[in-house]
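Below: the structure, in structure tokens.
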Amino acid sequence: MKKMPLARVQYAQTATKWIATLALAGLSVGSAWADSKGPMVPTLPKYQAECAACHIAYPAGMLPAPSWKRIMGSLDKHYGTDASLDEASVREISQWLQVNAGTTKRVREEPPQDRITTSAWFVRKHDEVDPAIWKQAAVKSAANCIACHTRADKGSFSEREITFPKGLDARFRRNWSD
């Protein structure tokens, strides 16, 4: 077997390291796609485990960094619930949210009370939804994305994947376009 010249070996090792680095970087910024048309998948396992225990783990790109900072700084009063975490978890999740927060013009505006559902882009995207729908037992609230967006837990909010929620009052079907 022939030995490869040292320069080629070093080049191959360097290329392999760059490929690995780029692959890892791609995984860590998965939710940054929230600013674009791609999927908005939360990729930090701790974030997914902690937040999805009560609601979907909203993609980090749905809110700007200052909103996430306030949310993570007040977990003891998390929208009426104590969602406190240990310091290490708060630090890890907070850092990830800051790196992956929304940055485009659409998302960088801080919504009232740091609620995704009160952001200008959310209101604009849902302006055709009758406000009474949010109060129906099948939906519960505007924050319950998965009621209509069947793949919201996977970070996909495509209009092609919207369905009429089971149990939603039939009077709302006339305005439904699926």
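Worth pointing out:
- Taking only Cα atoms of the range 50-158, radius of gyration then Dmax in Å: 14.1, 42
- For the range 40-114, the equivalent ellipsoid derived from the alpha-carbon gyration tensor has semi-axes of 18, 14, 11 Å in decreasing order.
- Backbone geometry of the range 149-166 corresponds, through the Karplus equation with coefficients 6.51, -1.76 and 1.60 at θ = phi - 60°, to 3J(HN,Hα) couplings of 8, 4, 10, 4, 5, 9, x, 9, 10, 4, 5, 5, 9, 7, 10, 6, x, 4 Hz, x marking Gly and Pro.
- Of the trypsin sites (Lys or Arg not before Pro) found in the range 95-163, those that fall in a DSSP loop while having at most 13 other beta-carbon atoms within 10 Å are Lys140.
- Per residue convex hull volume, Cα atoms of the range 126-178, in Å³: 76
- Too-long pairs where the Cα-Cα distance tops 26 Å, listed order kept, from Lys69/Lys166; Lys77/Lys166; Lys46/Lys135; Lys46/Lys105; Lys46/Lys77: Lys69/Lys166; Lys77/Lys166; Lys46/Lys135; Lys46/Lys105
- GluC sites (Glu not before Pro) within the range 92-144, DSSP loop, no more than 16 other Cβ atoms inside 10 Å: Glu109, Glu128
Any read-out appearing in this document is the output of simple, stated calculations on the displayed coordinates, not a laboratory observation. All values reported here derive from a predicted model rather than from experimental measurement. Cβ coordinates were reconstructed from backbone atoms using ideal geometry, including for glycine residues, and neighbour counts include every protein chain displayed.
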